[in-house]
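In what follows, a single structure is set out as structure tokens and then discussed.
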Amino acid sequence: MRKPVVPVPVIAPASALVWWIVGYLPWLIGGAADDVTGADAYSVADQMVALPLLTDQLALLVLGGVGGGACAGLLTLLSDGRSATTLAASFAGLACAVLVAGIWSTSVLGNAELGNDGDASVLAALMATASGATLLGWLFGAGGYFGRVPLGIALCGLAGALSPWLSYVVFSIDPYSQSELVSKAIGYAGAALLAFGLVVIGVRPYVRLLAWPAAVVLAWIVAPALVAAGYLGVMLSPPATVSDSLGPAWDVFVLAAKPTNAPADWLVPFVVATGLALVVSVRLVMRSNASGEETHSPVEPSSSSRTTSR
């Protein structure tokens, strides 16, 4: 059962803050608070830029939009209002946040000497990408308002984004602190959320099992999509164009998405999470069945139903 704890008027500003602070936390705690990825490289010293509207930060731009949008959409689960009002408030707050952050960032970067990154058309394209990523994430997150299956799918999508997001956070705090132990912990953090999302979907009725492959695939393709976005961002420098770079970026995505090309530290957590989620889900069903049987006392046959042989 959903427990409403947040008034509808609070949903709008909360969605805006969650999208920006949670989604783009790696950017905010990294170089953004002091400059834009280094003042020597971009000549924007002592400027606070809300969004990483830079071609070489395209992967982070997409990740923050999708992750922040999904988290903002999931806030609707806490609302005490009607569905239409809650969703409208969440979307309105998110749209205002995207608009304000976009105007702020494009204004700062447009006035800086950034070469191709400071071009108005490039900034507009990057802002459109951030808006599209945010809308996609919000649709998945807000879908969770309507039932366990869409909620579980949204959580699985977030699980795919969690590990890259945590990697960005750790790197932003200290680029030299990431050890093998930290890398494994990050990978299994995403796996834990994936397992939880699959358990939320459940296995009863059994038709819900059809949603499991979609949820796992969604979680799986997030990292390859970010790899392709990063490749595309690096390739987008004159004289290259978007149309020239999309084909190679798609090839990178396809190669990265193939399980045969996945490193073991990426593949194993997915297998473990799926197996664990299946065991837990079946166990919950068995416990529910046992509890249901205990609540029904055996019915003694009535005297009228008894037959006697003469």
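The values are calculated or read from the model by the stated rules, or taken from the named source; none is laboratory data. Keep in mind the model is a prediction, meaning the values are calculated, not measured. In this analysis, Cβ positions are derived from the backbone assuming ideal geometry, glycine residues included, and neighbour counts consider all displayed protein chains. Accessible surface is based on the protein model in full, side chains and every heavy atom, while ligands, DNA and RNA are left aside. Shrake-Rupley method; radii C 1.70, N 1.55, O 1.52, S 1.80 Å.
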Looking at the stretch 114-173, which of its residues are in contact with a Ser or Thr (Cβ under 9 Å, 6 or more places away or on another chain) and of a type outside the set (Gly, Ala, Ser)? Leu114, Asn116, Asp117, Val122, Leu123, Leu126, Met127, Trp138, Tyr145, Phe146, Val170, Phe171
Of all residues in the stretch 272-310, how many are at pLDDT 90 or above and over 25 Å from Arg204 (Cα atoms)? 0
Index of the failed condition, Arg2 passing every other in (1) in a loop (DSSP other than H, G, I, E, B); (2) at pLDDT 85 or above; (3) of a type outside the set (A, V, I, L, M, F, W, C): (2)
Can you pull out the residues in the stretch 136-149 that are buried (at least 17 other Cβ atoms within 10 Å of the Cβ) and hydrophobic (A, V, I, L, M, F, W, C)? Trp138, Phe140, Ala142, Val149
Could you tell me whether Pro26 is at pLDDT 75 or above and open to solvent by 70 Å² or more (accessible area, probe 1.4 Å)? no
